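K.L.:
My questions will all concern the structure given below.
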Amino acid sequence: MSISIKKIFHRNAYRIGITFDYNEEIKSTLKSIGALYSKSHGCWYINYDAASYAELKKHFSSFEIEKTPESSVVVTQPVTDSSRDLSPIATSELQLGSSQLSNPAHKTDILFAQKLRLQLLENIGKYWVFKMRYHEEVSKQLLSIKGVYWNSNYRVYMVLRNSVVKSKVEYTLQTSPFFGEDYVSKDVHFIGEKIRIAPHIEDKAWMEVYVPRQVAVHEKLKRFSMSRFSTIKKCYLLPAAPIVFESIQLQMESHSVLIENELPKGYLNKKNLPNRKQLDLTRTKNSIFELVPEKGKPYVTEMVNALLALNYSSSTLRTYCGSFIQFLRHIEYRNPETVTQKEIIQFLGSLMERGLSATTGHSMVNGLQFYFHNVLGKQEYEFRLPRPKKEKKLPTVLTMEECLRIFQVVDNPKHKLLLLIGYGAGLRVSEIVHLKWQDILFSEHKIHISNAKGKKDRMVMLPFSIVESLDIYRQLYNGKHYVFEGQFASEPYSTRSVQQVMREALKKSGLEKKATVHTLRHSFATHLLESGTDIRYIQQFLGHSSIKTTTIYTHLTQNAVNKIQSPLDRLVDENNKKKLEE
């Protein structure tokens, strides 16, 4: 965790100003030592005294002390013995960037752009890319501009290369000009341009795709799920499979781009196309190792290998390894076998103290349990860890009238159908996008959900009311594999797109409830229970392993609750009935 500190004058007193590239862990640590955020200085700060400085050193082993030029600060209050600068908090000659003799305050007239440390990076596709030091207010303003996105992987801001977006961003950053004038061209036809496809000598399972310097063409290629860009050869690498080659031809046909095929006969083989599970696990594995320094990789490698050997999903791989890496970071990448149980409990306690949810605490416990039992092989090792008490939160549920209002405002037949099938069959969003035509059993009015959460298959109902719509939709879109295909043929619709459809529908309907696609699943279960459906059947429809998970919906059924009569009311009713009979 890297931070910089400097001396500032804030709220009629000197403070230790703390700046850093946005990091949630650093932010939480600073809050734990009582640091506050200053909008005027664009940084966090603590008191300028020896105790605060010692506390800072305790939590951050190393940090940069910013040098500031000699300057004076106008202080409105009179200078007295009690208001003079505090005693030095640094023992070196540079006390927070100033000499021991003058000990000046931080300069206040630094340009806003210098405070933000703006850095313009190379363009990515149709976006300008830049990074800056985290500033809470500026960040909110930037993300409110349409065409500005935050890339959490690379921790950079991406700005659409558009003149209107440029002027708004530069106004927010108080820096003009900051971006160039290389705006995105809207031309979509590139007659005469060529794509060259050649064999990849190093590995025959791949082919090299050389593309012209056109943003639209690059955007198409890089969005292929298996696409990799070779910085050495300056080309895209794609699996040498017939379906991939056909997809390139299909995508480039609309741009009038010619394809030069230099592949020898028989080079393309469908076996070269990796399956989705392989791709997902490989990506997850690579993203995990990017978070670990060299000294921690041996332990994480053992953890990953054990999870893969036991056929755990990429989601579990990401969760368990993420928790384990966080633990390794806490123990400074020591050998976990040398860590005592007291240290582990102290670590879990610190997580809860920082305000993390009970679910995060349980994930952490599960990850550590897995490592000690399955990696170190200590099955009989008594590993009693405190389990954080879970908050009992009821899920948001829509009424049948509210569900109808959402469906009615959606005009796109594809968008409407995916929301209808999500509610009508109680599907998870991942189950909606991975639904294939072969899974829909029209004659039986059932849907076969294969390899769902927990690697389980189940049968759910196919609502009679959408059978005809589903048949018409199939004729219109003519999808080969997935019911809801994405941008490219034979690719499923993204879960983010489905959630965006739900957000737009919720906004148009005028409902004030916060609801997602998963809320439709909750509503499905609640409405079934209200209509008198046995909870065991609902458990099977939802794919819950335990009935305890399904019983949460018993707290949400209004009809059942309304039918329950208080003993007092029954007593009064019986008494009144007797009086009438007399």
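The values are calculated or read from the model by the stated rules, or taken from the named source; none is laboratory data. Given the structure is predicted, the values throughout are model-derived calculations rather than measurements. A quick note on method: Cβ atoms are made from the backbone with ideal geometry, for glycine too, and the neighbour counts reach across all protein chains shown. Side chains included, ligands, DNA and RNA excluded: accessible areas come from the protein's heavy atoms. Shrake-Rupley method; radii C 1.70, N 1.55, O 1.52, S 1.80 Å.
K.L.:
Using 0.36 nm per residue of separation minus the Cα-Cα distance, give me the extension gain between Glu294 and Gln278 in nm, one decimal. Spell out each step's value before the answer.
P.N.:
On the way: separation 16, 0.36 × 16 = 5.76 nm, distance 2.49 nm.
Using 0.36 nm per residue and subtracting the Cα-Cα distance, I get 3.3 nm.
K.L.:
Nearest 0.05, what FRET efficiency do Glu137 and Ile535 give at R0 = 56 Å with Cβ-Cβ as r? Kindly include the intermediate steps, with their values, before the conclusion.
P.N.:
Details: r = 49 Å, r/R0 = 0.88.
According to the calculation, E is roughly 0.70.
K.L.:
Evaluate the relative contact order of region 109-240 (contact order divided by residue number), counting alpha-carbon pairs under 8 angstrom at least 6 apart; express in whole percent. Each step should come with its number before you reach the end.
P.N.:
On the way: 171 pairs, mean separation 21.9, N = 132.
Relative contact order for region 109-240 comes out at 17 percent.
K.L.:
Just the number please: accessible area per residue for region 412-527, 1.4 Å probe, all protein chains included, in Å².
P.N.:
Details: 5950 Å² over 116 residues.
Per-residue accessible area for region 412-527 comes out at 51 Å².
K.L.:
Pulled fully out, how much extra length does the chain show between Ser32 and Val164, if you take 0.36 nm times their separation in residues and subtract their Cα-Cα distance?
P.N.:
Taking Ser32 through Val164 to full extension adds about 43.4 nm, to one decimal.
K.L.:
Whole Å is fine, so just give me how far the alpha carbon centre of region 248-302 lies from that of region 341-367.
P.N.:
36
K.L.:
Additional query: At a Cα cut-off below 12 Å, give the aspartates and glutamates reachable from Lys416, other chains included and same-chain residues fewer than 8 away excluded.
P.N.:
Glu504
K.L.:
Follow-up question, since we're still on this one. With label points built 7 Å along Cα→Cβ from the Cα atoms of His481 and Thr301, find their separation and express it in nm.
P.N.:
3.3
K.L.:
Also, quick follow-up: Could you order the peptides 256-268, 496-508, 157-169 from most to least packed, using the average number of other C-beta atoms within 10 Å per residue? Each step should come with its number before you reach the end.
P.N.:
Working: 256-268: 13.2, 496-508: 16.0, 157-169: 18.4.
So the peptides 256-268, 496-508, 157-169, ranked by packing, come out 157-169, 496-508, 256-268.
K.L.:
What number, in percent, do you get for the relative contact order of region 213-267 if the mean sequence gap of Cα pairs under 8 Å and at least 6 apart is divided by its residue count?
P.N.:
Values: 25 pairs, mean separation 12.2, N = 55.
It rounds to 22 percent for region 213-267.
K.L.:
What net charge is computed for the residues neighbouring Ser52, neighbours being all others with C-beta under 11 Å from the C-beta of Ser52, Lys and Arg scored +1, Asp and Glu -1? Intermediate results must be reported in sequence, preceding the final value.
P.N.:
On the way: positive: Arg15, Lys57, Lys58; negative: Asp49, Glu55.
Once positives and negatives cancel, what remains is +1.
K.L.:
Computed FRET efficiency, Cβ-Cβ of Thr495 and Glu574, R0 51 Å: what is it to the nearest 0.05?
P.N.:
Details: r = 56 Å, r/R0 = 1.09.
Once rounded, the FRET efficiency stands at 0.35.
K.L.:
To continue, here is another question. For the pair Ile259 and Lys234, what calculated FRET efficiency results from E = 1/(1 + (r/R0)^6), where r is the Cβ-Cβ distance and R0 = 22 Å, to the nearest 0.05?
P.N.:
Numbers: r = 18 Å, r/R0 = 0.82.
Computed FRET efficiency for Lys234 and Ile259: 0.75.
K.L.:
Using label points projected 7 Å from each Cα along Cα→Cβ, tell me how many nm separate Arg11 and Lys414, to one decimal.
P.N.:
5.3
K.L.:
Sort 517-528, 333-344, 125-136, 229-240 by packing, meaning the average of other beta carbons within 10 Å per residue, with the highest value first.
P.N.:
Values: 517-528: 22.4, 333-344: 13.2, 125-136: 18.7, 229-240: 16.2.
The packing order, highest mean first, is 517-528, 125-136, 229-240, 333-344.
K.L.:
For each pair in Lys378/Lys455; Lys39/Lys115; Lys146/Lys513, compute the distance between the two Cα atoms and list the pairs where it is over 18 Å. Before the final figure, lay out each step's value.
P.N.:
Working: Lys378/Lys455 26 Å; Lys39/Lys115 12 Å; Lys146/Lys513 24 Å.
Among Lys378/Lys455; Lys39/Lys115; Lys146/Lys513, the Cα-Cα distance tops 18 Å for Lys378/Lys455; Lys146/Lys513.
K.L.:
What is the sum of charges around Gly147, taking Lys and Arg as +1, Asp and Glu as -1, for the other residues whose C-beta is under 14 Å from the C-beta of Gly147?
P.N.:
Values: positive: Lys126, Lys146, Arg161, Lys166, Lys168; negative: Glu170.
Within the 14 Å Cβ shell, the charges total +4.
K.L.:
Follow-up question, since we're still on this one. Gap in Å between the Cα centre of region 1-45 and the Cα centre of region 471-542?
P.N.:
Region 471-542 and region 1-45 have Cα centres spaced 44 Å from each other.
K.L.:
Here's a follow-up. Can you compute the modelled spin-label distance between Thr549 and Asn151, with each label point 7 Å from Cα toward Cβ, in nm?
P.N.:
3.6
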